[in-house]
Structures are given as C-alpha cells and as structure tokens.
Amino acid sequence: MITSLTNKTVKNWMKLKTKKERDAQGLFLVDGRHMTQEALKAGVVETIITTDTNYKSDVLVEYVSENVMEKLSFTKTPQPFMAVCRKKKNILNEEGKRFLILDGVQDPGNVGTMIRTALAFSFDQVILSKDSCDLYNDKTLRSTQGAVFMMDIIRADLSVIIPELKKKGIFVVGSSLRDARDMNEISSREKMAFIMGNEGQGMKQEMLDLCDERLFIPIHTMESLNVGVAAGVIMYQFRGE
C-alpha cells in the first residue's frame with residue numbers, strides 16, 4: 001500500500017491534474033466509483049487506485065491510504081476509487097453521418113451536457129475545436145456522467161476538419177442568430193454536421209463562412225438559449241438513427 005504523499009508514483013499521478021502532463025503522457029485521471037466502472041467497461045483503464053484492499057481486478061490495482069486518496073481526489077469527500085486512463089485516439093470518423101462540432105465552447109458543464117446529448121440522439125462523433133475546453137478536465141469528465149467513454153470524441157483544427165467533412169458529402173450547418181434560416185425550414189439529410197459556437201461570442205466568422213447553411217431556433221420572449229440547451233434542440237430535430 002502506498003501511504004506517502006511524496007511517493008514517486010503519487011507525484012506522477014498528481015501531474016495528470018494538469019493539461020500539459022495529460023497531453024504529454026496521453027493519460028488522464030477519473031474520480032469515483034461510477035466513472036471508474038465506466039472506464040473499465042470501455043477498456044481504457046491503465047491503473048485502478050483504491051483504498052479498498054479487498055478489491056481485485058484484471059487490470060493493475062494500486063492500494064493507497066486515505067491521506068493519499070484525499071490528495072489525489074478532485075472532491076472534498078473522496079470516494080474509494082480513482083483510475084488512470086488512456087486518452088482517446090484522435091481520428092475522424094470516416095463512416096459517420098451525424099457530427100456535433102464545438103467552436104470555442106469554454107464551459108466544462110456545457111461540453112459535458114452536449115456530449116451526453118449527442119450520445120442520446122445517436123450522433124456518431126463530437127469534434128472539439130482546439131480552443132474549446134479540455135475534454136479531460138475533471139469538471140468536463142464528471143459532467144459527461146460516463147458518456148465520454150461511449151461517445152467518439154476528437155479535438156481538431158476546424159478550419160481543416162470542416163472542409164474535410166464537406167468533401168465527404170457531409171452538409172455542414174452552423175448555428176447563428178444572423179443571416180440564418182428557421183431550423184424548421186431546413187430538411188434533414190443523410191449526412192449532417194452541426195456547429196455550436198462560444199457561449200458569449202457565438203461561432204467565429206471564419207467557421208460561419210465554411211458552412212453550407214446557417215440555422216436559428218425560433219423562440220419566444222428570450223433572446224437566446226444556453227448553448228447546451230440549443231444543441232439539444234438541434235440534435236433532437238436532426239437526430240441520427
């Protein structure tokens with residue numbers, strides 16, 4: 001059992017709390033029993049970290065003391081399980097028919113909500129712009145409630161990936177309040193990608209210019225919807241099969 005906070009392995013795990021180290025090592029931490037179980041189902045766990053000395057697994061298990069778990073955990077009241085996991089492969093889904101693209105979305109809760117919704121409505125892949133929040137940030141991971149392990153997600157340069165999608169016959173639709181058509185006037189197509197913009201600024205003009213179409217959601221009283229809510233409405237309207 002590891003009991004020292006200065007243990008070399010513990011120090012390395014602590015490094016995974018920073019994006020720089022997650023990117024360098026290709027690993028990330030998940031916190032709690034539920035997230036650990038979902039990661040195990042997905043086959044991405046490198047190491048299980050636990051205070052439960054009776055726990056057994058087919059993957060490597062490291063037993064730690066309560067004080068070490070308190071140091072590692074992202075919460076004030078740590079659960080007895082954490083895991084070190086491998087990051088996803090960053091490859092465009094060549095066979096996909098429904099894509100959700102996030103252009104500069106910063107809030108981890110919004111990103112997590114949209115990932116869960118994309119999974120629920122049978123979207124094939126979520127694409128995060130390079131300036132969207134980090135997928136492997138603990139707040140983002142927790143907000144996905146495990147959907148991160150079931151949804152195909154990549155990070156890409158949108159100025160490169162959007163033209164690639166269009167070459168593959170995917171109709172790209174941007175969400176905008178300006179120069180856009182009512183969502184209900186747009187026909188569903190076999191292959192579509194929908195872009196959601198930053199919470200405050202919306203989509204970048206460069207990305208809007210790459211779209212085949214722009215849409216808005218007709219609403220009453222309020223000027224706009226939260227980006228996570230808006231994405232949910234759009235994905236339901238044009239949901240996959």
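Every read-out reported here was derived from the displayed coordinates using simple, explicitly stated rules and does not represent laboratory data. Note that the structure is a prediction, hence the values are computed from the model and not measured. Here the Cβ is made from the backbone with ideal geometry for all residues, glycine too, and neighbour counts use every protein chain on show.
For the stretch 8-86, with only Lys/Arg (+1) and Asp/Glu (-1) charged at the beta-carbon, what is the dipole magnitude about the Cα centre, in debye rounded to 20? Walk me through the numbers on the way to the answer.
Details: 13 positive and 10 negative charges, 67 e Å.
Approximately 320 debye in magnitude.
For the chain, what's the relative contact order in percent, using C-alpha pairs closer than 8 Å and at least 6 residues apart?
Values: 438 pairs, mean separation 46.1, N = 241.
Dividing the mean separation by the residue count of the chain yields 19 percent.
Can you give me the long-range amide H partners of Gln125? Hydrogens built in the peptide plane at 1.01 Å from N, cutoff under 5 Å, separation of 5 or more residues or another chain.
Arg98, Leu100
Based solely on its DSSP helices, what 222 nm [θ] is calculated for the chain when runs of n ≥ 4 H residues each add -39,500 (n - 2.57) and the sum is averaged over all residues, nearest 500 deg cm²/dmol?
Numbers: 9 runs with 79 residues, N = 241.
-9000 deg cm²/dmol, from helical runs alone.
What is the Cα centroid distance between the stretch 26-90 and the stretch 188-241, reported in whole angstrom?
Here the two parts' Cα centres lie 36 Å apart.
Please report Rg over Rh for the stretch 135-241, where both radii come from the alpha carbon positions and Rh follows the Kirkwood definition. Could you put the intermediate results ahead of the total?
On the way: Rg = 14.5 Å, Rh = 15.1 Å.
Over the Cα atoms of the stretch 135-241, Rg/Rh equals 0.96.
Where does helix 227-237 land angle-wise versus the long Cα axis of the chain, in degrees 0 to 90, nearest 10?
60 degrees
List every residue whose amide H lies under 5 Å from the amide H of Ile2, counting only residues 5 or more places away in sequence or on a different chain, with H placed 1.01 Å from N in the peptide plane.
Tyr63, Val64, Ser65
Each residue of the stretch 218-226 in turn: what ³J(HN,Hα) in whole Hz from Karplus with 6.51, -1.76, 1.60 and θ = phi - 60°, glycine and Pro shown as x?
Once rounded to whole Hz, the list reads x, 9, 10, 6, 7, 6, 7, 10, 4.
Once the mean 1/r over all distinct Cα pairs of the stretch 84-204 is inverted, what Kirkwood radius in angstroms do you read off? Intermediate values should be presented prior to the final figure.
Working: mean 1/r = 0.0680 Å⁻¹.
Hydrodynamic radius (Kirkwood, Cα only) of the stretch 84-204 equals 14.7 Å.
Which loop GluC sites (Glu not before Pro) in the stretch 50-117, with loop taken from DSSP, have no more than 10 other Cβ atoms within 10 angstrom of their Cβ?
Numbers: sites: Glu62, Glu66, Glu70, Glu94, Glu95; in loops: Glu94, Glu95.
Passing both the DSSP loop test and the Cβ count: Glu94, Glu95.
Considering only C-alpha atoms, what is the centroid distance from the stretch 113-149 to the stretch 153-172, in Å?
Here the answer is 18 Å between Cα centres.
Among Met114, Gly104, Ser65, whose Cα lies farthest out toward the positive end of the dipole of the chain, if unit charges sit on the beta carbon of Lys, Arg (+1) and Asp, Glu (-1)?
Ser65
May I ask you to derive the FRET efficiency for Tyr63 and Leu92 from their Cβ-Cβ distance with R0 = 30 Å, giving the value to the nearest 0.05?
Details: r = 40 Å, r/R0 = 1.34.
With a Förster radius of 30 Å, E is 0.15.
Could I get the Rg over Rh figure for the chain? Both from C-alpha atoms, Rh via Kirkwood, rounded to two places.
Details: Rg = 19.9 Å, Rh = 19.1 Å.
Radius of gyration over Kirkwood radius for the chain works out to 1.04.
Please list 3J(HN,Hα) in residue order for the stretch 101-113, calculated via the Karplus relation 6.51 cos²θ - 1.76 cosθ + 1.60 where θ = phi - 60°; whole Hz, with x for glycine and proline.
Coupling constants for the stretch 101-113: 10, 10, 9, x, 6, 9, 7, x, x, 5, 4, x, 4 Hz.
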